[in-house]
Amino acid sequence: GVDTVRLLPGNIGLLKLTSFYTYDLAVAALGAAMELIRHSAGLVLDLTGNGGGDDETADAVMETFLREGAPRPLLIESRDGPEAPRAPTTLRWPRYGAHRPMAIMIDRRTFSAPEAVAYALQQESRAVIVGSRSGGGANMVGDATPLPRGFHLGIPIHRPIGRNSGTNWEGHGVQPDVEASGEETLWRAWEIVRQQLSGTGT
């Protein structure tokens, strides 16, 4: 799922993730990418075109950018009520931390697991979200139930809820803090991080 990892001008890292494979499959590539950006002054995380994947990997990516021991930004509810918070992920790469400036790029093709990362870090005031409204897939569908004539029915059985907002992004997507599209999105994200580093940002 690691498509691009490099440094932009001003020692600002760029990490583009196109999907979230299962944690065991993704850990080597993600670990190498996190090692390359660990000394950057700030970061642009590009989740545009990322259609989803494994929620454990999404949790690990999310936790990378929070302080160690921080409460989980997202709680999980089932039809029976709130579930116990998941245990923290055992990260197998350096934690980037909660203080360096960060922007996250999203678009209409950003869906499900990467939306969780963007929504959570936005709710925690950890990252500025740049781009266009994401796809809006929050609720988690269980195993499909067989129906007559070869049809199957999938029913949402869990949903993530922001610990601060009490809501999620189902149906309406993650709303960007700064609207942008196309090639402009990366420039705007980089400029936001650069301004924060220079002390001229908001």
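The values are calculated or read from the model by the stated rules, or taken from the named source; none is laboratory data. Computed from a prediction, not measured in an experiment: that's the story for all the values here. For neighbour counting, all protein chains shown are included, and Cβ atoms are generated from backbone atoms with ideal geometry for every residue, glycine included. What goes into the accessible areas is simple: the full protein's heavy atoms, side chains included, and nothing from ligands, DNA or RNA. Shrake-Rupley method; radii C 1.70, N 1.55, O 1.52, S 1.80 Å.
Of the residues making up the range 78-102, just one is surrounded by fewer than 12 Cβ atoms within 10 Å (Cβ to Cβ) and of a type in the set (S, T, Y), namely T90. Candidates are the residues of the range 1-31 that are touching a residue at least 40 places away in the same chain (Cβ under 8 Å) and among the hydrophobic types (A, V, I, L, M, F, W, C); the one that is surrounded by the fewest Cβ atoms within 10 Å (Cβ to Cβ) is V27. The condition (being open to solvent by less than 30 Å² (accessible area, probe 1.4 Å) and assigned to a strand (DSSP E or B)) is satisfied by just one residue among M62, M105: M105.
Residue by residue, here is whether (1) over 15 Å from the mean Cα position of the chain (by Cα); (2) of a type in the set (A, V, I, L, M) holds:
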| site | (1), (2) |
| --- | --- |
| G1 | no, no |
| P9 | yes, no |
| T18 | no, no |
| I37 | yes, yes |
| D54 | no, no |
| A87 | yes, yes |
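For the condition touching a residue at least 40 places away in the same chain (Cβ under 8 Å), among the aromatic types (F, W, Y) and not in a loop (DSSP other than H, G, I, E, B), W190 qualifies.
Please work out if L75 is within 23 Å of G173 (Cα to Cα), surrounded by 15 or more Cβ atoms within 10 Å (Cβ to Cβ) and at pLDDT 95 or above.
Details: within 23 Å of G173 (Cα to Cα): yes; surrounded by 15 or more Cβ atoms within 10 Å (Cβ to Cβ): yes; at pLDDT 95 or above: no.
For L75, the condition - within 23 Å of G173 (Cα to Cα), surrounded by 15 or more Cβ atoms within 10 Å (Cβ to Cβ) and at pLDDT 95 or above - is not met.
Restricting the search to the range 130-183, which residues are in contact with a helix residue (DSSP H, G or I) (Cβ under 6 Å, 6 or more places away or on another chain), of a type outside the set (A, V, I, L, M), surrounded by 18 or more Cβ atoms within 10 Å (Cβ to Cβ) and part of a loop (DSSP other than H, G, I, E, B)? Hits for the range 130-183 are S134, W169. Among the residues that make up the range 30-42, is at least one of them modelled with pLDDT of 95 or more, closer than 19 Å to W190 by Cα and assigned to a strand (DSSP E or B)? Yes.
Name every residue in the range 74-107 that is among the basic types (K, R) and in contact with a strand residue (DSSP E or B) (Cβ under 9 Å, 6 or more places away or on another chain), in order of residue number. Write out each step before concluding.
At the first step, the residues of the range 74-107 found to be among the basic types (K, R) are 79, 86, 92, 95, 100.
R79, R86, R100 - these are the residues of the range 74-107 that are among the basic types (K, R) and in contact with a strand residue (DSSP E or B) (Cβ under 9 Å, 6 or more places away or on another chain).
Scanning the range 116-129 for residues that are free of Cβ contacts under 8 Å to residues at least 60 places away in the same chain and either open to solvent by less than 60 Å² (accessible area, probe 1.4 Å) or touching a strand residue (DSSP E or B) at 6+ places or on another chain (Cβ under 9 Å) (or both) returns Y119, A120, L121, Q122, Q123, E124, I129.
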